[in-house]
Protein chains: 4
Amino acid sequence: MSLLAEALRERVCRANLDLVARGLVMETFGNVSGADRDGGIFVIKASGVPYDQLTAEHMVPISIETGLPLETRFRPSSDTPTHHEIYRAFSCGGVAHTHSEYATAFAQARTPVLCMGTTHADYFRGTIPVTRPMTSEEVQTDYERNTGLVIIETFETLGLSAEDVAAALVANHGPFTWGRDASEAVERAAVLEYLARMERTRRLLDPDASPPEDYLVNKHFNRKHGKDAYYGQKRGAGRSSLT
Amino acid sequence: MSLLAEALRERVCRANLDLVARGLVMETFGNVSGADRDGGIFVIKASGVPYDQLTAEHMVPISIETGLPLETRFRPSSDTPTHHEIYRAFSCGGVAHTHSEYATAFAQARTPVLCMGTTHADYFRGTIPVTRPMTSEEVQTDYERNTGLVIIETFETLGLSAEDVAAALVANHGPFTWGRDASEAVERAAVLEYLARMERTRRLLDPDASPPEDYLVNKHFNRKHGKDAYYGQKRGAGRSSLT
Amino acid sequence: MSLLAEALRERVCRANLDLVARGLVMETFGNVSGADRDGGIFVIKASGVPYDQLTAEHMVPISIETGLPLETRFRPSSDTPTHHEIYRAFSCGGVAHTHSEYATAFAQARTPVLCMGTTHADYFRGTIPVTRPMTSEEVQTDYERNTGLVIIETFETLGLSAEDVAAALVANHGPFTWGRDASEAVERAAVLEYLARMERTRRLLDPDASPPEDYLVNKHFNRKHGKDAYYGQKRGAGRSSLT
Amino acid sequence: MSLLAEALRERVCRANLDLVARGLVMETFGNVSGADRDGGIFVIKASGVPYDQLTAEHMVPISIETGLPLETRFRPSSDTPTHHEIYRAFSCGGVAHTHSEYATAFAQARTPVLCMGTTHADYFRGTIPVTRPMTSEEVQTDYERNTGLVIIETFETLGLSAEDVAAALVANHGPFTWGRDASEAVERAAVLEYLARMERTRRLLDPDASPPEDYLVNKHFNRKHGKDAYYGQKRGAGRSSLT
């Protein structure tokens with residue numbers, strides 16, 4: 001395996017452990033992957049390895065073209081085909097999946113996370129959608145691949161950009177997020193959980209509250225993302241902070 | 001006492017302390033037991049010993065046949081007859097009882113924890129039931145034994161398998177869970193608490209949300225349990241992770 | 001000051017610090033006192049001392065007969081007259097007052113904490129009452145003493161025993177609890193907060209859920225309290241654990 | 001830069017870090033400033049610097065008269081014009097802005113935090129208001145300055161004193177608080193978050209509960225603030241404790 005791939009394994013392993021540090025993991029649910037598109041691979045957590053024993057060698061390399069593992073030492077996460085479909089459809093470099101408490105509760109209620117304020121708009125341009133329930137056929141045959149496909153179908157049906165809204169809730173399952181790399185996917189998983197917590201409270205306070213106007217949402221999303229972003233220091237601040 | 005029984009005491013003591021580590025204990029509520037069926041005994045926490053002083057010697061051995069203590073150094077938990085009835089009726093090797101916040105609130109509302117998603121289905125095949133309230137006679141005479149019997153009656157009345165659904169809520173009291181050993185019983189107590197938290201939020205978001213279809217529940221339960229399970233590594237991963 | 005009084009100061013200081021350790025303190029709200037009835041005094045936290053600087057010397061001795069401080073080094077808590085009235089009316093040896101989040105929210109909603117299960121019944125025999133709002137005269141003249149008197153009036157009006165129900169919510173203010181000593185008063189403040197959390201969830205799940213029958217409440221209260229209590233070890237276990 | 005300004009930078013840096021310690025920060029949201037009115041400046045957190053790298057040198061000095069930075073090493077927080085307008089309108093010495101979970105949820109529901117008890121009245125004399133939504137023009141041109149102006153407009157429209165109620169919720173955005181210095185602004189941000197948590201629960205328990213009478217609110221506010229305050233020790237206790 002190349003040096004680049006080794007560095008990728010290290011980063012993706014850290015991103016998986018970061019899920020735990022951010023309180024997004026119950027028992028051993030969850031998995032994160034990260035891609036090296038030039039190398040044509042992504043690496044993903046091995047199946048059935050407890051987080052407290054996780055090391056970079058448990059990151060299994062997968063071909064982006066075929067979706068097949070390039071090593072046989074460890075079985076990759078059973079959710080690997082879901083990640084694979086997301087890499088094929090969306091131009092991202094990292095994918096995270098959790099069963100974090102509030103985002104999962106929204107998925108279980110099949111309730112989208114509405115954009116009700118600037119905290120949301122700083123990260124996602126609009127509602128986080130919920131997929132339709134999967135059919136019996138989709139569940140019984142190639143379930144994990146179909147999980148990826150129903151996310152992609154949701155974005156197509158709703159006309160959503162996967163860059164504007166880098167997250168989806170799979171009905172009666174849980175959240176998937178993506179980003180430029182594994183670390184950004186995990187950051188977005190953490191923000192989505194926080195937004196779900198706030199949105200739960202907002203609904204309790206006033207179920208009929210008006211969402212902010214589009215111009216406020218766009219102002220905040222563009223203040224942080226894209227060519228006219230003006231937060232942070234002139235060099236190197238990247239996406240590290242909103243002030 | 002045999003070496004095997006000593007090892008059992010150690011494991012069950014650790015499982016009791018694990019209740020505290022997982023945040024399932026308020027004050028000194030809760031108790032865990034574990035069985036050695038070949039030896040014909042189970043051991044259970046002594047009554048009235050604070051968790052921070054708990055050692056393996058506070059695990060009191062009980063005869064599975066008679067339900068009576070085999071030692072007189074410490075009084076066993078007053079809930080011992082409840083555990084005893086569960087061991088007699090169900091083919092399990094460990095039992096846990098907590099007053100964990102959300103599972104207990106469901107028991108106090110006499111509200112079952114519905115299976116609303118794959119997090120639930122990965123551990124329990126369907127709804128966690130609530131017992132009927134106990135009668136005055138059941139409470140006044142042999143209360144703790146009758147607590148066990150009303151759990152078993154609930155499973156019989158509903159036609160539930162204690163392997164598919166290894167948990168029950170005793171009305172206006174709290175949750176009991178069981179498993180292959182004390183450690184698995186505690187793991188399920190922790191998962192049940194998490195499911196109750198999510199189900200509380202789901203009900204707030206949409207009280208009428210549709211549960212997932214049976215084929216999704218069965219897919220997830222079978223993906224992890226039984227002969228066609230395909231999560232984890234090929235050897236030794238056991239039940240340690242879902243990915 | 002006597003050696004006994006010094007020991008009392010130490011114990012009451014620890015009980016005050018225990019409020020913080022149990023997560024019942026926001027900013028510097030809250031205060032605990034403890035009595036030496038033979039010595040005719042109680043000691044209470046000084047006013048305006050941050051918890052991280054609190055030592056036994058900040059515990060101010062007060063005459064149970066007159067309610068006046070017996071030392072002038074530190075001003076006693078401004079809530080001292082409330083504690084004083086409680087010691088005069090109820091046969092307790094410790095009093096705690098907090099603004100803990102959920103118990104205070106119940107006080108702000110003027111909603112009693114109903115006894116909905118055995119966790120509650122193990123500590124309190126029945127509903128935790130809320131006082132009536134205080135009148136303008138009661139607030140403007142001798143406010144803190146009248147706070148104590150409105151608690152006592154509530155128990156008289158409802159025909160409650162201060163031993164069966166050792167807690168009250170002052171309307172639009174917060175909880176007071178009492179016990180045999182300062183430590184037990186704090187333990188009950190912690191349990192009350194936990195019960196309020198669960199009762200909040202119970203109300204969300206089913207606002208009309210039936211409470212348990214009296215025979216279940218009495219069974220649990222008596223299992224732990226009074227001459228027929230049978231939890232714990234034969235000597236020395238005291239109130240330390242329910243199993 | 002003067003020694004006084006250096007000391008101010010240190011204090012404001014600590015106040016920014018205190019936001020994190022108090023659990024008010026999600027990712028890198030939030031910023032605190034503090035003023036030296038005699039020196040004609042305030043200092044504010046630099047934009048885009050993660051909290052774990054924050055030092056006093058990242059506090060950027062700003063002219064209170066012009067609102068312009070007096071140094072060019074670091075860009076000031078993009079919210080600087082909001083702080084500037086608050087310093088111009090209100091006689092305060094510190095300003096804090098967070099996206100803390102519950103206060104932000106109230107802002108997203110455009111729901112004021114009502115004064116329902118003495119915990120609130122000890123810090124704020126009455127309801128914490130929500131601004132009107134900002135217009136498209138206000139958002140598209142000089143957004144951050146207009147955010148400050150809409151806070152000030154809210155206080156003028158409602159006839160509120162910025163000393164009695166030292167906090168506001170910007171609609172669909174989040175809370176701003178102020179005080180005598182940066183540290184007091186942060187303390188009030190923490191208290192506001194706690195009040196929002198309790199008010200959320202109060203609304204769930206009884207949406208129609210009566211608020212306390214004005215005489216109780218004034219009693220508590222005046223017990224702690226103003227010339228007749230009687231909490232704390234005779235010297236030096238300042239605002240450090242309520243007992």
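The values are calculated or read from the model by the stated rules, or taken from the named source; none is laboratory data. Everything numeric in this text was worked out from a predicted model, so none of it was measured. In this analysis, Cβ positions are derived from the backbone assuming ideal geometry, glycine residues included, and neighbour counts consider all displayed protein chains. Accessible surface areas use protein heavy atoms only, side chains included; no ligands, DNA or RNA. Shrake-Rupley method; radii C 1.70, N 1.55, O 1.52, S 1.80 Å.
For the stretch A:17-44, how many residues meet the condition of being more than 10 Å from chain B (Cβ to nearest Cβ), open to solvent by less than 10 Å² (accessible area, probe 1.4 Å) and closer than 23 Å to residue A:66 by Cβ?
Initially, the stretch A:17-44 is screened for residues more than 10 Å from chain B (Cβ to nearest Cβ), giving A:17-25, A:32-43.
So of that shortlist, the ones also open to solvent by less than 10 Å² (accessible area, probe 1.4 Å) come out as A:19, A:24, A:32-34, A:42-43.
The next check asks that each one be closer than 23 Å to residue A:66 by Cβ; those that pass are A:32-34, A:42-43.
Residues in the stretch A:17-44 being more than 10 Å from chain B (Cβ to nearest Cβ), open to solvent by less than 10 Å² (accessible area, probe 1.4 Å) and closer than 23 Å to residue A:66 by Cβ: 5 in total.
When you go through (1) in contact with a His (Cβ under 8 Å, 6 or more places away or on another chain); (2) charged (D, E, K, R); (3) more than 10 Å from every other protein chain (Cβ to nearest Cβ) one by one for residue A:122, which number turns out not to apply?
Going through (1) in contact with a His (Cβ under 8 Å, 6 or more places away or on another chain); (2) charged (D, E, K, R); (3) more than 10 Å from every other protein chain (Cβ to nearest Cβ) one by one, residue A:122 breaks only (3).
Regarding residue C:56, is this residue open to solvent by less than 30 Å² (accessible area, probe 1.4 Å), among the aliphatic types (A, V, I, L, M) and farther than 24 Å from residue D:229 by Cβ? Give the steps one after another, and end with the answer.
Working: open to solvent by less than 30 Å² (accessible area, probe 1.4 Å): yes; among the aliphatic types (A, V, I, L, M): yes; farther than 24 Å from residue D:229 by Cβ: yes.
Answer is yes for this residue.
Considering each residue of the stretch A:99-113, count those that are open to solvent by 10 Å² or more (accessible area, probe 1.4 Å) and more than 7 Å from every other protein chain (Cβ to nearest Cβ), and give that number.
1
Limited to the stretch A:144-177, what total is found for residues that are more than 21 Å from residue B:116 (Cβ to Cβ) and either in a helix (DSSP H, G or I) or open to solvent by 10 Å² or more (accessible area, probe 1.4 Å) (or both)?
Qualifying residue count for the region: 15.
Pull out all pairs, ordered by first then second residue, where Cβ-Cβ is under 6 Å, the residues are six or more apart or on different chains, the first lies in the stretch B:1-24 and is among the acidic types (Asp, Glu), and the second is surrounded by 14 or more Cβ atoms within 10 Å (Cβ to Cβ).
Partner pairs satisfying both residue conditions: B:10/B:56; B:18/B:186.
Got at least one residue in the stretch B:68-77 being under 28 Å from residue B:103 (Cβ atoms) and aliphatic (A, V, I, L, M)? Don't jump to the end; show me each part of the working.
Looking only at the stretch B:68-77, we keep the residues that are under 28 Å from residue B:103 (Cβ atoms), and these are B:74-77.
Those left that are additionally aliphatic (A, V, I, L, M): none.
Among the residues of the stretch B:68-77, not one is under 28 Å from residue B:103 (Cβ atoms) and aliphatic (A, V, I, L, M), which makes the answer no.
Give the residues of the stretch D:190-236 that are over 29 Å from residue C:137 (Cα atoms) and at pLDDT below 95, sorted by residue number.
Correct list: D:235, D:236.
Exactly one condition in (1) open to solvent by 10 Å² or more (accessible area, probe 1.4 Å); (2) modelled with pLDDT under 95 is false for residue A:47; which is it?
(1)
It is to be established whether one or more residues within the stretch B:213-224 are free of Cβ contacts under 8 Å to residues at least 12 places away in the same chain, assigned to a loop (DSSP other than H, G, I, E, B) and either in contact with a strand residue (DSSP E or B) (Cβ under 7 Å, 6 or more places away or on another chain) or facing another protein chain (nearest Cβ under 10 Å) (or both).
The answer is yes, given that some residue of the stretch B:213-224 is free of Cβ contacts under 8 Å to residues at least 12 places away in the same chain, assigned to a loop (DSSP other than H, G, I, E, B) and either in contact with a strand residue (DSSP E or B) (Cβ under 7 Å, 6 or more places away or on another chain) or facing another protein chain (nearest Cβ under 10 Å) (or both).
Which one of these is away from chain D (no Cβ under 13 Å), under 29 Å from residue D:209 (Cα atoms), open to solvent by less than 10 Å² (accessible area, probe 1.4 Å) and modelled with pLDDT of 95 or more: C:61, C:129?
Numbers: C:61 fails: under 29 Å from residue D:209 (Cα atoms).
None of the other options fit; the residue is C:129.
Is at least one residue of the stretch B:83-98 open to solvent by 10 Å² or more (accessible area, probe 1.4 Å), within 18 Å of residue B:173 (Cβ to Cβ) and within 14 Å of chain C (Cβ to nearest Cβ)?
No, the conditions are met nowhere in the stretch B:83-98.
Just checking, how many residues over the stretch B:89-104 are within 18 Å of residue B:8 (Cβ to Cβ) and in a helix (DSSP H, G or I)?
Adding up the residues that qualify gives 0.
Which numbered condition in (1) closer than 30 Å to residue A:230 by Cβ; (2) within 14 Å of chain A (Cβ to nearest Cβ); (3) of a type in the set (A, V, I, L, M, F, W, C) is the only one that residue D:152 fails?
Of (1) closer than 30 Å to residue A:230 by Cβ; (2) within 14 Å of chain A (Cβ to nearest Cβ); (3) of a type in the set (A, V, I, L, M, F, W, C), only one is false for residue D:152: (2).
Taking the conditions exactly as written (away from chain C (no Cβ under 14 Å) and over 18 Å from residue B:68 (Cβ atoms)), does residue B:7 satisfy them or not? Step through it out loud before you land on a result.
On the way: away from chain C (no Cβ under 14 Å): yes; over 18 Å from residue B:68 (Cβ atoms): yes.
Answer is yes for this residue.
Take the stretch A:122-143 and flag every residue that is outside any loop (DSSP other than H, G, I, E, B) and over 30 Å from residue A:228 (Cα atoms). Step through it out loud before you land on a result.
First pass over the stretch A:122-143, keeping only residues outside any loop (DSSP other than H, G, I, E, B): A:128, A:130, A:136-140, A:143.
Matches in the stretch A:122-143: A:130, A:136, A:137, A:138, A:139, A:140, A:143.
Considering only the stretch A:114-124, state which residues are over 15 Å from the mean Cα position of the chain (by Cα) and open to solvent by 10 Å² or more (accessible area, probe 1.4 Å).
Once the filter is applied, which keeps residues that are over 15 Å from the mean Cα position of the chain (by Cα) and open to solvent by 10 Å² or more (accessible area, probe 1.4 Å), the stretch A:114-124 yields A:114, A:115.
Within the stretch C:64-82, can you find the residues that are more than 10 Å from chain D (Cβ to nearest Cβ) and either open to solvent by 10 Å² or more (accessible area, probe 1.4 Å) or free of Cβ contacts under 8 Å to residues at least 60 places away in the same chain (or both)?
Of the stretch C:64-82, the ones more than 10 Å from chain D (Cβ to nearest Cβ) are C:64-72, C:81-82.
C:64, C:65, C:66, C:67, C:68, C:69, C:70, C:71, C:72, C:81 - these are the residues of the stretch C:64-82 that are more than 10 Å from chain D (Cβ to nearest Cβ) and either open to solvent by 10 Å² or more (accessible area, probe 1.4 Å) or free of Cβ contacts under 8 Å to residues at least 60 places away in the same chain (or both).
Checking residue C:135 against (1) closer than 30 Å to residue B:103 by Cβ; (2) β-branched (Val, Ile, Thr); (3) open to solvent by 20 Å² or more (accessible area, probe 1.4 Å); (4) away from chain B (no Cβ under 14 Å), which test does it fail?
(1)
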